[in-house]
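J.: Below you'll find the structure I mean.
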Amino acid sequence: MKEFLEGSQAIAKMVKLCRPGVISAYPITPQTHIVEELAQFVSNGELDSQFINVESEHSAASVVLGASATGVRVFSATSSQGLFYMQEVIFNIAGLRLPVVLACANRAISAPINIWNDQQDSVPLRDAGWIQLYAEDVQETADLHLIAYRLAEDKNIMLPVMVCMDGFTLTHGIETVDIPSQELVDKYLPPYKAPYKLDTENPITIGPLVDADYYMETRYAIEQTMKDVLKAIPKATAEFAKVFGREYNGLIEGYRISDADKVIVAMGSVCGTIKDTVDELRKKGKKVGLLKITSYRPFPIQEIYEALKGVPRLAVLDRALSLGSYAPLASEVRAVFFGKKKKPSVISSFVAGLGGRDITKDSIKNIFSMLTNKERAGEFIDLKPELLQEKYE
Amino acid sequence: MFGPLIAKAGSSKANKTGSWRTDSRPKFLRKNCIGCKICSGVCPEGCIIDEEKNNYSCDYAYCKGCGLCAVSCPKSDIVMVKEKEA
């Protein structure tokens, strides 16, 4: 049924339909509304789930880790500093091969403290062994949670999924969202049957100490499974389209790229702004396009190569940094084409929208106009040079 | 694909961990034992078999030679001896 909902409410309603048995989270802006809504569902009896209150994000992640290991479907959500506080447990959840689904409402990282949106919180956790999916709008954000559970609980995958949505833009923005019936969701997402679990009747230890004779194989197995995930994502989205009628590729989405001279590569809600800008520029006869990356981990290297190998000029838009090196997404997109014969002649890198600074259509037009034959590395868009005159002596 | 992730219960019994014992092992003298069970209580491996007094023994397949039983014995009826001399 179509409803006019705040992003967080839509996510909470979708998670409720997934019937998680245990939810644990700690409030942090801009994620709080999601779990607030879920807590309400549990307390008024709409959702038969244990909502476990904890004193920190480290504990929230630990609770869902332990609960997931007993074979129950779990959910958590966080942002920014909260995600970093979870970090130790985040790596453990992946290492233990537990199908945890976590919503990350993307927010800038301190210091200086800033509660607004960029992607500096989840991007550094790309190496954690989690599947990371980035949403463009509220409907996709909500739908990705369903797809996330399907992927995570696939008995050949058993990896956690982080659904990343731009804080405020997608958590507090209000859109019309199609919330499916429980019947359809149950059809798409059957009850979770754990292939291994902590059970006093049949005791096992998950993740015991391993020495150098065993450790590398556990990491290799995750690396190989990530390749399986690249095949599983299109299957999960195709099945999703059959049941719910909404189509996603799940890995990447090309927008007007087939004849484009200039393409921006980006992740998250900014893709909506880019699509609108592309439409405007196309009306003026400019051959521009967008490649949206939904799956940042696993990174769909082959799919990106096939989609962009014939595009003359690429601009990669990062909303996070790897201070002291190339911006993260830019360096990975460049690596896709390294050593290839057929490739864009220019791959420029742009950084925008840090700490909630708006990325407007003008910002996007600016990027397209700066995408010339001169390759740019980490060009900051909408920077205010007048704020860089501070002197401390 | 999965690596070595799960251990079934009972591995600490299946693995004869006494193989990495220190260079000493406890010797039960069985002279002044009063059957107080302190040694079997403090044994971190739970490998001291307590029967009647003066009839205690140790399962060396699991004993690590930590010596707790020897220092805990109120009658000094357990002593640590070098492996070579055992």
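J.: What relative contact order, as a whole-number percentage, does chain A give when Cα pairs under 8 Å and 6 or more residues apart are counted? Intermediate results must be reported in sequence, preceding the final value.
T.: Details: 804 pairs, mean separation 60.4, N = 393.
RCO, chain A: 15 percent.
J.: Which of B:Asn32, A:Leu102, B:Ser57 sits closest to the plus end of the dipole of the protein assembly as shown, meaning its Cα is farthest towards the positive end, when Lys and Arg get +1 and Asp and Glu get -1 on the C-beta?
T.: B:Ser57
J.: Which links in B:Lys31/B:Lys75; A:Lys187/A:Lys227; A:Lys193/A:Lys231 stretch past 19 Å when you go from one Cα to the other? Provide the component values of the computation, followed by the final result.
T.: Working: B:Lys31/B:Lys75 9 Å; A:Lys187/A:Lys227 26 Å; A:Lys193/A:Lys231 22 Å.
Distance filter (> 19 Å) returns A:Lys187/A:Lys227; A:Lys193/A:Lys231.
J.: Let me ask another. Can you figure out the FRET efficiency of B:Asp59 with A:Ser56, using R₀ = 51 Å and their beta-carbon distance, to the nearest 0.05?
T.: Numbers: r = 44 Å, r/R0 = 0.86.
Efficiency, from the Cβ-Cβ distance: 0.70.
J.: Just add up the charged neighbours of A:Lys187: K/R +1, D/E -1, any other residue whose Cβ is under 12 Å from the Cβ of A:Lys187.
T.: Working: positive: A:Arg150, A:Lys242; negative: A:Glu183, A:Asp186, A:Glu239.
Computed value for this residue: -1.
J.: What is the spin-label model distance, in nm, from A:Gln87 to A:Tyr392 if the labels are put 7 Å beyond Cα along the C-beta direction?
T.: Rounded to a tenth, the inter-label distance reads 2.2 nm.
J.: Quick check on my link table: of A:Lys155/A:Lys341; A:Lys287/A:Lys340; A:Lys343/A:Lys365, which ones sit more than 30 Å apart, alpha carbon to alpha carbon? Write down the numbers at each step before the final one.
T.: Numbers: A:Lys155/A:Lys341 38 Å; A:Lys287/A:Lys340 24 Å; A:Lys343/A:Lys365 23 Å.
Beyond 30 Å: A:Lys155/A:Lys341.
J.: Quick one: 3J(HN,Hα) in Hz for region A:295-308, Karplus 6.51/-1.76/1.60 with θ = phi - 60°, rounded, Gly and Pro as x.
T.: Along region A:295-308, the couplings run 9, 7, 9, x, 7, x, 4, 5, 5, 5, 4, 4, 6, 10 Hz.
J.: Next question. Provide the net charge surrounding A:Ser79, with neighbours chosen by a C-beta distance below 15 Å and charges set as Lys +1, Arg +1, Asp -1, Glu -1. Before the final figure, lay out each step's value.
T.: Values: positive: A:Arg107, A:Arg319; negative: A:Glu36, A:Glu57, A:Asp118, A:Asp121, A:Asp166.
Cβ neighbours under 15 Å give a net charge of -3.
J.: So what's the Cα pair-distance distribution over region A:211-282, bin width 5 Å, in %?
T.: Each 5 Å bin holds this share of Cα pairs: 3, 12, 15, 13, 15, 14, 10, 7, 5, 3, 2, 1.
J.: Where Lys and Arg each count +1 and Asp and Glu each count -1, what net charge lies around A:Leu151 among other residues with Cβ under 14 Å from its Cβ? Show your work: numbers first, answer last.
T.: On the way: positive: A:Arg73, A:Arg97, A:Arg150, A:Lys155, A:Lys227, A:Lys231, A:Lys235, A:Arg297; negative: A:Asp143, A:Glu153, A:Asp154, A:Asp228, A:Glu239.
That sum, taken over residues with Cβ under 14 Å, equals +3.
J.: Can you compute the helix-only [θ] at 222 nm over chain A? Use -39500 (n - 2.57) per DSSP H run of at least 4 residues, normalise by all residues, nearest 500 deg cm²/dmol. Write out the running numbers ahead of the final one.
T.: Working: 11 runs with 146 residues, N = 393.
The helix contribution divided over chain A gives -12000 deg cm²/dmol.
J.: Would you list the P(r) distribution for region A:252-388, with all Cα-Cα distances sorted into 10 Å bins from 0 and each bin expressed as a whole %?
T.: Per 10 Å bin, starting at zero, the Cα-Cα P(r) for region A:252-388 comes out as 12, 47, 34, 6, 0 percent.
J.: Can you give the charge dipole size of region B:21-85 about its Cα centre, rounded to the nearest 20 debye, using +1 on the beta carbon of Lys and Arg and -1 on the beta carbon of Asp and Glu? Let's see the in-between values first.
T.: Values: 11 positive and 9 negative charges, 41 e Å.
The calculation lands at about 200 debye.
J.: With just the Cα atoms defining each centre, how far is region A:155-190 from region A:223-296? Give it in Å.
T.: After rounding, the separation between the Cα centres reads 18 Å.
J.: Label points 7 Å out from Cα along the Cβ direction at A:Lys286 and B:Val81: separation in nm?
T.: Here the modelled spin labels are 9.1 nm apart.
J.: Please name whichever of A:Val336, A:Gly353, A:Ile381 sits farthest to the positive end of the charge dipole of region A:317-393, dipole taken about the Cα centre and charges placed at Cβ: Lys and Arg +1, Asp and Glu -1.
T.: Of the candidates, A:Val336 comes out farthest on the positive side.
J.: What is the Rg over Rh value, at two decimals, for region A:13-112, using alpha-carbon atoms and the Kirkwood definition of Rh? Before the final figure, lay out each step's value.
T.: Values: Rg = 12.8 Å, Rh = 13.4 Å.
Over the Cα atoms of region A:13-112, Rg/Rh equals 0.95.
J.: Which residue, B:Lys27, B:Lys53, B:Lys64, tops the fluctuation ranking in a GNM of chain B built on C-alpha contacts under 10 Å?
T.: Among B:Lys27, B:Lys53, B:Lys64, the largest GNM mean-square fluctuation belongs to B:Lys53.
J.: Moving on to the next point. In what order do A:Ser269, A:Ser363, A:Ser181 fall by count of nearby beta-carbon atoms within 10 Å, going from fewest to most?
T.: Taking fewest neighbouring Cβ atoms as first place, the list is A:Ser181, A:Ser363, A:Ser269.
J.: Spin-label point model (7 Å from Cα, Cβ direction): what's the A:Glu239 to A:Lys365 distance in nm?
T.: 4.5
J.: So what is the orientation-averaged projected area of region A:322-373, using the convex hull of its C-alpha atoms, in nm²?
T.: Working: hull surface 18.5 nm².
Projected over every direction and averaged, the Cα hull of region A:322-373 covers 4.6 nm².
J.: Which length gain, in nm to one decimal place, applies between A:Glu217 and A:Asn373 when the Cα-Cα distance is subtracted from 0.36 nm times their residue separation? Please list the in-between numbers first.
T.: Details: separation 156, 0.36 × 156 = 56.16 nm, distance 4.48 nm.
That pair, A:Glu217 and A:Asn373, stretches by 51.7 nm at full extension.
J.: Could you compute how fast region B:1-79 diffuses translationally, taking Rh as the Kirkwood radius over C-alpha pairs and applying Stokes-Einstein at 20 °C with viscosity 1.002 mPa s? Give it in µm² per second.
T.: 157
J.: Right, another one. In which sequence would A:Asp261, A:Asp127 go, from the one with the fewest C-beta neighbours within 10 Å to the one with the most?
T.: Numbers: A:Asp261 13, A:Asp127 9.
Placing the least packed residue first, the sequence is A:Asp127, A:Asp261.
J.: Something else: Divide, for chain A, the radius of gyration over alpha carbons by 2.2 N^0.38 Å, where N is the residue count.
T.: Values: Rg = 21.0 Å, N = 393, 2.2 N^0.38 = 21.3 Å.
Expressed relative to 2.2 N^0.38 Å, the Cα Rg reads 0.98.
Values in this text are rule-based calculations from the coordinates and carry no lab data. Values in this document were obtained by computation on a predicted structure and should not be read as measured data. Glycine also receives a Cβ, built like all others from the backbone with ideal geometry; neighbour counts cover every protein chain displayed.
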